[in-house]
Amino acid sequence: MELTSTSYAAGQAIPARNATHGVPGGQAVSVQLSWSGAPVGTRSFVVAMVDRHPIAHDWVHWLVVDVPSGVSSLGEGVSCTAAMPAGAMPFYAWIAGEAAVIKDMRRYLVRDVGIDRKQVAFMGYWRQGKAEV
């Protein structure tokens, strides 16, 4: 497969507008992506854009699942908008269980992995060692 972008050239830094809000000039605008050469029989795509820079610590810029196989590009700025292809959706996690474990899992997804906190729902049903009435 080949992946290209009109938002920036291969080997260049991501433009500030495509960076997270914490970066000067960052607007968290998703980059334009196009791809070709998918294997025969591909049913859908997952688009994951992860910043492998050592300072970014594998920050997840963008994660979209169930992009239909007939789609071969995503326009700049379409993330979490009505312009996403029908059927495609941003990653969403709903986690439930023991309160401390769930809190740690949510913290990991949001702080360490970089998933937007609006994309992670959680429910701590009980607390280990605590009797609930």
For this session: Quick one: in segment 62-92, of everything that is in contact with a Pro (Cβ under 7 Å, 6 or more places away or on another chain) and assigned to a strand (DSSP E or B), which residue is farthest from GLY26 (Cα to Cα)?
Result: PRO68
Seminar exercise, completed: Reported set for segment 108-133 where residues are closer than 19 Å to HIS21 by Cα and open to solvent by 90 Å² or more (accessible area, probe 1.4 Å) is ARG111, ARG117, LYS118
Exercise. So how many residues does segment 16-34 have that are open to solvent by 30 Å² or more (accessible area, probe 1.4 Å), part of a loop (DSSP other than H, G, I, E, B) and closer than 16 Å to VAL78 by Cα?
Worked result: 4
Exercise. Between residues in segment 114-133 that are within 30 Å of LEU63 (Cβ to Cβ) and residues that are in a loop (DSSP other than H, G, I, E, B) and open to solvent by 90 Å² or more (accessible area, probe 1.4 Å), which pairs lie under 6 Å by C-beta distance while being six or more apart or on different chains?
Worked result: GLN119/TYR92
For this session: Could you pull out the residue among ILE95, ILE55 that is modelled with pLDDT under 80, open to solvent by less than 30 Å² (accessible area, probe 1.4 Å) and either of a type in the set (A, V, I, L, M) or part of a loop (DSSP other than H, G, I, E, B) (or both)?
Result: ILE95
Problem set entry | The listed residue being within 13 Å of the chain's Cα centre (by Cα) and either closer than 17 Å to VAL50 by Cα or not in a loop (DSSP other than H, G, I, E, B) (or both), out of ILE115, ILE102 | ILE115
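The values are calculated or read from the model by the stated rules, or taken from the named source; none is laboratory data. Nothing here was measured: the structure is a model prediction, and the numbers come from that model. Cβ sites come from the backbone with ideal geometry, for glycine too, and all protein chains shown count toward neighbours. Areas reflect the complete protein model, heavy atoms only, side chains present, ligands, DNA and RNA absent. Shrake-Rupley method; radii C 1.70, N 1.55, O 1.52, S 1.80 Å.
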